[in-house]
1. Does residue 248 satisfy the criteria of being away from the ligand (no atom under 15 Å from the Cβ) and either touching a residue at least 60 places away in the same chain (Cβ under 8 Å) or surrounded by fewer than 22 Cβ atoms within 10 Å (Cβ to Cβ) (or both)?
2. Sort through 433, 478 and tell me the only one that's open to solvent by 40 Å² or more (accessible area, probe 1.4 Å) and under 21 Å from residue 402 (Cβ atoms).
3. Of all residues in region 64-82, which are buried (at least 23 other Cβ atoms within 10 Å of the Cβ) and more than 14 Å from the ligand (Cβ to nearest atom)?
4. Any residue that is assigned to a loop (DSSP other than H, G, I, E, B), at pLDDT 95 or above, open to solvent by 10 Å² or more (accessible area, probe 1.4 Å) and more than 16 Å from the ligand (Cβ to nearest atom) - is there at least one of those in region 105-117?
5. So which residues in region 316-331 are part of a loop (DSSP other than H, G, I, E, B) and either within 13 Å of residue 450 (Cα to Cα) or open to solvent by 10 Å² or more (accessible area, probe 1.4 Å) (or both), if there are any at all?
6. Of everything in region 85-99 that's touching a strand residue (DSSP E or B) at 6+ places or on another chain (Cβ under 7 Å) and buried (at least 16 other Cβ atoms within 10 Å of the Cβ), which residue is farthest from residue 168 (Cα to Cα)?
7. What about residue 249, is it within 27 Å of residue 224 (Cα to Cα), hydroxyl-bearing (Ser, Thr, Tyr) and outside any helix (DSSP H, G or I)?
Amino acid sequence: MNKATFNLHPRHHAGPVDPRIFGGFLEHMGRAVYEGVYDPSSVHADEYGCRSDVLAALAELDFTVMRYPGGNFVSNYHWRDGVGPVDTRPTRRELAWGTIEPNTFGTNEFLDLCQRTGWSPMFAVNLGTGSPEEAADWVEYTNGSLVTDITGERESGSTSGTTKVPLWCLGNEMDGPWQIGHMPASEYGTKARQAAHMMKLVDPSIELVVSGTSLPDNPTYLDWDREALEAVGGFADYLSTHRYLDNWSNDTAAFLTSGVAVDRQIAEIDAVCRYVAARRRSSRRPYIAFDEWNVWYRTRNRSGMWADGTFPAHLVEEVYDLQDALVCAQFLMSFIRNADVVKIANIAQIVNVIAPVLTSGDNLLRQSIFEALSMFVGRRNGTSLYMGYDGSLVPSPDFGDVAMVDGAAILSDDHELHIYAVNRSVDESVDLQVNLSGGHLETLSVELLHHSDPTTQNTWDNPDAVRRVSGEMSNGPQPVVTLPPHSFLAATLSVS
Ligand code: AHR
């Protein structure tokens, strides 16, 4: 039998887990907004035109921050199109995804939705076709307290729009040639700095995220990040990074070790943040906003991503399987382990578009990745503990031999230990032992996500194929739990 031990110490910690790493992302793309969260024609529409069934499912995932309105979309979006009386708003051709934008859902509708759901809004400004002035005006519109023409526009809007926006992204993936308004890092740096300066003059309390490299495969990876951060200087609170993992090679064993790539990316981006801060002789370093992450490959091609004028288009509606869920769990475990540097993370996205929730007409499906995400809910407050791993390894084509069990641990203020573990082996079980410096551990809850076939999906015909079940774990100074092949465990233990 394979064995693995997580060696932990209550005072050996990476730092408090920032609740914002459990964020989401809602883009005006495909059926994410229209037919996703917002659909006045649905039988599920609430008094605001939002789908109550979708919001109820999303509430189960308890997202903290919500990034909006894009994504690639934002680089050709003028926020003024989406405010004021709905019947005066323009219908626009949208160039990022080739669709039509009716603008019936905009700033006020989103902020009011945030108020009802408890999401903290995280806006991205248009640094493609937009200007620094337009970005600063948007801050004034949402956060301004002076009596001006712009705050007056907010008050005459269709809804109250009283929620303030504390977090702003300075553009999106501006390093990518596909991005509308894509430009070299030096030009982006100048424009982002101008925008940052004006935005912080309007509201000095906001925090800013610099647009970093979108794909580690991009030739400018890390150079772009350094140049952009240097240019934005002291206005930079966070550096954005994105990652979509894939299983193009249809190799489950390799795919289940791909979470290692996330750790490496965090280490590399962190190195740039520290380097730039050190060169500025500044004790204030930018932290990491991992503000797009997920598995995405099946629908990642021109026909899956281009709407050809239809509205709303079925774009990138990836159907996930168990192995995708295990990789999503590895993303979140990596963010927890790196709590000292990763302060924000947003799964891309939340409904229909590469999402945990799918809709079809009036029906709703919780995908396999929904299950993995929900296993973190109620188990995520506290301090991330460093983990010494002892035990079996599995081979990875990209990373050599890696831990068979990928894990993370959080110690809460009320003496509960939350353990997460993915068994990366395709065909072998492992006995996992947890050792918190000899402390006595008593099981409070154990959940397992598992199926004999890692390619199993939740489908409209079989919506509950991938569901978490209760598991068993012993009590004592070194409790043990058996992880079946390709499975995910989330457990909470009391510490005495
Ligand atoms: O999440 C889908 C798209 O992926 C986003 O719009 C873009 O930022 C990224 O390339």
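1. On the way: away from the ligand (no atom under 15 Å from the Cβ): yes; either touching a residue at least 60 places away in the same chain (Cβ under 8 Å) or surrounded by fewer than 22 Cβ atoms within 10 Å (Cβ to Cβ) (or both): yes.
Spelling it out, residue 248 is indeed away from the ligand (no atom under 15 Å from the Cβ) and either touching a residue at least 60 places away in the same chain (Cβ under 8 Å) or surrounded by fewer than 22 Cβ atoms within 10 Å (Cβ to Cβ) (or both).
2. When all the criteria are applied, what remains is 433.
3. 65, 82
4. Step one: filter region 105-117 for residues assigned to a loop (DSSP other than H, G, I, E, B), giving 105-106.
Then drop every residue that is not at pLDDT 95 or above, which leaves 105-106.
Among the residues that remain, those that are also open to solvent by 10 Å² or more (accessible area, probe 1.4 Å) are: none.
No; the residues of region 105-117 include none that is assigned to a loop (DSSP other than H, G, I, E, B), at pLDDT 95 or above, open to solvent by 10 Å² or more (accessible area, probe 1.4 Å) and more than 16 Å from the ligand (Cβ to nearest atom).
5. Filtering region 316-331 for residues part of a loop (DSSP other than H, G, I, E, B) gives 316-320.
Residues satisfying the conditions are 317, 319.
6. 92
7. Values: within 27 Å of residue 224 (Cα to Cα): no; hydroxyl-bearing (Ser, Thr, Tyr): yes; outside any helix (DSSP H, G or I): yes.
Against the criterion (within 27 Å of residue 224 (Cα to Cα), hydroxyl-bearing (Ser, Thr, Tyr) and outside any helix (DSSP H, G or I)), residue 249 does not qualify.
Residues are listed down the side, and each one gets a yes or a no for (1) at pLDDT 95 or above; (2) acidic (Asp, Glu); (3) under 24 Å from residue 221 (Cα atoms):
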| position | (1), (2), (3) |
| --- | --- |
| 90 | yes, no, no |
| 138 | yes, no, no |
| 166 | yes, no, no |
| 169 | yes, no, yes |
| 187 | yes, yes, yes |
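The values are calculated or read from the model by the stated rules, or taken from the named source; none is laboratory data. Computed from a predicted model, the values in this text were never measured in an experiment. Cβ sites come from the backbone with ideal geometry, for glycine too, and all protein chains shown count toward neighbours. These area figures cover heavy atoms from the full protein model, side chains too; ligands, DNA and RNA do not enter into them. Shrake-Rupley method; radii C 1.70, N 1.55, O 1.52, S 1.80 Å.
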